[in-house]
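Some notes on the structure that comes next.
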Amino acid sequence: MTKPIVVHQLTKRFGDFEAVTDVSFTAPEGAITALLGPSGSGKSTVLRMIAGLEVPTSGHVWMGEEELTVKSVQERQVGFVFQHYALFRHMTVANNVAFGLSVRKVDRAAQRRRVDELLELVQLAPFRNRYPDQLSGGQRQRVALARALAPQPQVLLLDEPFGALDARVRQDLRRWLDELHRELGVTSLLVTHDQEEALELANKVVVMHEGKIEQVGTPSEIYDEPATAFVAGFVGSANVLHGNVVDGHVHLDSIRVPGADHLPEGAAASAYVRPHDVRIAEPGGPPNGSVSATVERISRLGWVARLSLRLADGNVLVAHVPQEELNGASEGDRVSIDLRNPKAFHRDGVEEPARTA
Amino acid sequence: MSAVAKPGGRADLQRRRIVRALLVSVVVAYVTVLLLIPLGGIVWTALKPGWSVVGQTFVAADVRHAFLLTGVITLITLVVTTAFGVTVAWVLVRQRFRGRGLLNAIVDLPFALSPVTVGIAAVLLFGRGGWFAPWFDARGISIIYALPSMLLVTIFISIPFVIREVQPVLVEVGTEEEDAARTLGASVLQSFRRVTLPNIRWGLFYGVALSAARAIGEIGAVLIVSGAIQGKTETATLYIFRAVEERQTASGYLAALVLALVSIALLIGIETAKHRIERMKSA
């Protein structure tokens with residue numbers, strides 16, 4: 001009963017501002033697809049166009065074989081979960097959940113059965129006669145989810161569903177949503193700015209930036225093989241080293257980072273290295289092109305230690321190293337480090353993501 | 001400023017007490033002079049000749065007709081301003097179109113215009129030799145010196161209240177609930193009736209109560225368009241006007257007292273509504 005969503009060349013302009021530019025992707029049947037990007041990247045606008053809450057300037061949306069773009073909002077049969085819950089404040093929990101059934105004139109007994117079933121599913125059966133303002137944020141969002149699922153939508157659209165919740169509740173609800181999805185198997189599209197959320201929940205991730213798609217892939221493809229500098233900087237944390245391409249390496253004053261074979265000689269380039277890809281070389285080990293650095297600070301965060309390493313040219317790298325791989329390094333020591341899996345990208349015209357580890 | 005009182009010091013505290021006492025007495029004096037004395041005066045004058053006046057006044061055919069007419073005009077005005085006001089407020093808040101700013105400004109026009117001007121304008125359009133007069137005359141419909149013109153001016157004057165009270169509430173409740181209703185399969189009408197209307201009901205009630213107070217109390221415009229024909233186009237306020245002119249002071253004041261009581265009832269309703277709106281906003 002669930003269907004894939006196909007988005008084809010979707011563009012949305014608000015006056016002179018182009019919020020979404022030529023976006024195409026497929027959200028596979030029964031999976032969770034995440035639309036990941038910073039705020040203002042156009043991801044929510046894409047979701048709202050799929051729901052019919054915004055009219056695209058051009059482009060098409062299909063749900064399975066049927067084209068949605070020609071249909072009105074209420075004909076689309078999509079379940080939509082809003083960031084701020086959007087519960088009907090003057091209705092009880094039960095009436096909120098029943099709303100989608102009662103506007104479709106489902107008979108009362110069937111409505112009641114479905115509401116009971118859903119409140120059971122979201123574990124809110126004892127709260128059926130409460131009003132939204134008598135519930136916590138997490139409970140409200142569960143009501144919103146039950147309400148969206150009540151008319152048995154073919155797809156579920158979630159717009160930053162955990163965005164308004166505090167960290168702890170967000171964790172719990174994320175896990176809970178994952179289980180719920182395994183049980184229901186409804187095609188879901190999740191809009192989020194939280195890369196951890198996207199990587200944990202989604203089978204497929206669409207990274208958006210300034211209204212355009214940067215990369216589409218599985219969570220591990222997005223994380224391990226970022227296609228653009230933006231993705232490398234936005235998804236997960238990374239050390240960024242600016243230099244120039246010499247002989248397939250990004251050259252800085254004190255180091256050369258490999259992995260720039262695809263870039264032209266002399267080009268301005270940035271190398272991205274994840275904190276857990278910075279390793280302390282064993283003392284006395286073979287000097288396999290490793291770099292020397294000074295340990296400025298070590299913070300121990302349980303099993304992993306976070307190190308600030310200063311290179312000879314003044315650049316500071318952040319490293320996440322398992323405790324047992326510190327090889328006895330302590331603050332003030334000079335150590336040799338290895339940079340693994342560096343990714344090099346052209347620097348001209350690329351906006352620097354402001355985030356490092 | 002030589003003797004600087006330390007904030008929170010004894011002198012400062014005392015000075016604040018004196019200022020507060022002064023302010024309170026100003027308010028009390030204001031309420032007494034402008035509200036309690038006139039109201040007391042009305043009650044006293046109305047009931048001075050004895051309770052028999054009450055019976056005489058409200059048995060009189062012209063008085064009953066005047067109140068009935070005010071009732072009818074108010075009722076129709078409320079129906080029209082509610083329907084029209086909610087629609088205009090919704091359009092102004094939810095739709096973006098060319099000329100929206102202009103329309104928004106025009107809404108306040110009845111507040112700015114003197115009711116007498118409104119009455120004159122109606123006479124100009126519908127009175128003898130008026131622009132639309134030939135068309136209505138040909139069909140035997142009288143507008144001026146009859147109920148239609150009285151309704152027209154009263155509605156015109158009362159229209160901004162519902163719009164102005166509903167607008168901010170609509171902004172406050174936002175569009176998310178309406179969006180949610182539509183994704184759940186509700187038509188625009190269903191979403192309006194089941195989601196928007198319950199959310200704006202106290203704002204609407206507030207606007208309607210203000211409209212009612214305005215419609216009941218209207219005299220200037222109605223005086224000009226109605227001709228104030230006794231037993232025909234004479235409203236309660238016009239009756240009071242005539243009663244006082246004809247030195248039937250007690251009856252006039254009695255009628256005024258009834259209108260004042262209605263206003264107080266409306267005021268209580270208005271305060272309740274305001275309270276509910278505040279509660280809704282803080283929820």
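Throughout, read-outs are computed from the coordinates displayed, never taken from laboratory work. If you're wondering where the values come from, they're calculated on a predicted model, not measured in any experiment. Cβ sites come from the backbone with ideal geometry, for glycine too, and all protein chains shown count toward neighbours.
If you plug the beta carbon distance of B:Arg193 and A:Ala312 into 1/(1 + (r/R0)^6) with R0 = 60 Å, you get a FRET efficiency near 0.25.
The C-alpha atoms of chain A define a longest principal axis, and helix A:93-102 lies at about 70 degrees to it.
Here is how the number arises for chain A: DSSP H runs of 4 or more residues each give -39500 (n - 2.57), the sum is divided by the residue count, and the result at 222 nm is -7000 deg cm²/dmol. May I ask you to give the average projected area over all directions of the convex hull of the Cα atoms of the stretch A:36-95, in nm² rounded to one decimal? So the Cα hull casts an average projection of 5.8 nm².
Can you compute the equivalent ellipsoid semi-axes for the stretch A:185-267, i.e. the square root of 5 times each eigenvalue of the Cα gyration tensor, sorted largest first and rounded to whole Å?
Details: eigenvalues 196, 28, 24 Å².
Whole-Å semi-axes of the equivalent ellipsoid: 31, 12, 11.
State log₁₀ I(q)/I(0) for the stretch A:5-230 at q = 0.12, 0.14 Å⁻¹ as given by the Debye formula over alpha-carbon point scatterers of equal weight, solvent excluded. With no solvent term, the Cα-only Debye profile gives -0.64, -0.87. Helix screen, chain B: DSSP H segments with Cα axial length of 24 Å or more and mean Kyte-Doolittle hydropathy at least -0.5 are B:10-31, B:61-94, B:147-173, B:197-217, B:249-282. Computed over chain A with a Gaussian network model linking Cα atoms closer than 10 Å, the most mobile of A:Tyr131, A:Tyr85, A:Tyr272 is A:Tyr131. In terms of the mean number of neighbouring beta-carbon atoms within 10 Å, the peptides A:235-245, B:44-54 order highest first as A:235-245, B:44-54. Remark: the Cα gyration tensor places the stretch B:51-282 in the oblate category, a/c being 1.5 or greater and a/b not exceeding b/c. Between B:Val188, B:Val19, B:Val244, the GNM of chain B built on Cα springs shorter than 10 angstrom shows B:Val19 fluctuating the most.
Each principal axis of the Cα cloud of the protein assembly as shown was taken in turn, and the coordinate range along them, longest first, works out to 118, 81, 54 Å. Each principal axis of the Cα atoms in the stretch B:1-159 has its own extent, and those three values, largest first, are 82, 61, 28 angstrom.
Its alpha carbons considered, the stretch B:72-157 gives a radius of gyration followed by a Dmax of 15.2, 42 Å. Remark: C-alpha extents of the stretch B:148-283 on the principal axes read 65, 30, 18 Å, sorted largest to smallest.
Counting 0.36 nm for each residue step from B:Ser142 to B:Arg17 and taking away their Cα separation leaves a gain of 38.6 nm.
By the Kirkwood approach, averaging reciprocal distances over each pair of separate Cα atoms, the stretch A:196-331 gets a hydrodynamic radius of 16.6 Å.
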